Amino acid sequence: MAFGWNELDALGSLMSGAFTGLAFGGTLWILLRDGKQIREANRRRDEERRDDERRQARLVFASLDEGPSPAEVERVCPDEDTRDYSEVYVRVFNHSVEPIWDVKVPVPGRERRPLLYERVDPHSSELNGWLDAPADWHLMNVGAGCPGTPHWIPLEVSFVDNSGRRWRRSGRAEPVRLTDSEDHHPL
């Protein structure tokens, strides 16, 4: 069987189209695969960056405290005879290597007026208190101290890390970075 120029030209065009299609498909497949790898690498890098940002925030928390000892109260306020048991003390712990700033801890029953701490140094803690809490505050918010009742409550703490990012953490839960619109606690 003999082919003429028209048949050979058509066969050449057909094969050229097939190879062009294969080359286009192969290129598209390579681009999609590389794009997926790039997106995955970007996602991992973003995750690592967010994890690095949270590293300091994970080392900050607040908890109820018994407050200053009677000896400390006597040293600071020598005129006070007895300790008022309606006082609620909160200690903010910063176990990180950087200071934290503008710390706010809303206490149940006093959410609109959180306890404020200007700065908590690295590897230290700061104590503040609500000195005129209702006499039954501990009973209503913490528990009677009976077996099976909690002796603590998860306190929320918001603060600015040393890089200027604002965080909120409730108890020992994972910290949440606040956006500019969420930046200020309602007062």
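Key figures
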read-out: Number of positions in segment 53-77 that are part of a helix (DSSP H, G or I) and modelled with pLDDT of 85 or more; value: 3
read-out: Residue within segment 147-155 that is assigned to a strand (DSSP E or B) and either modelled with pLDDT of 90 or more or more than 19 Å from the chain's Cα centre (by Cα) (or both) present; value: no
read-out: Criterion (assigned by TED's automatic domain parsing to the domain that holds residue 171 and at pLDDT below 90) met by exactly one of 119, 83; value: 83
read-out: Matching entry among 34, 65, 51 (being among the charged types (D, E, K, R) and either in the same structural domain as residue 90 (by TED's automatic domain parsing) or buried (at least 17 other Cβ atoms within 10 Å of the Cβ) (or both)); value: 65
read-out: Residue satisfying condition, being at pLDDT 90 or above, crowded, with 17+ Cβ neighbours inside 10 Å and farther than 11 Å from residue 62 by Cβ, within set 124, 96; value: 96
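The values are calculated or read from the model by the stated rules, or taken from the named source; none is laboratory data. Predicted model only: the values in this text are computed from it and were never measured. No Cβ is skipped: glycine too gets one built from the backbone with ideal geometry, and neighbour counts run over all protein chains shown.
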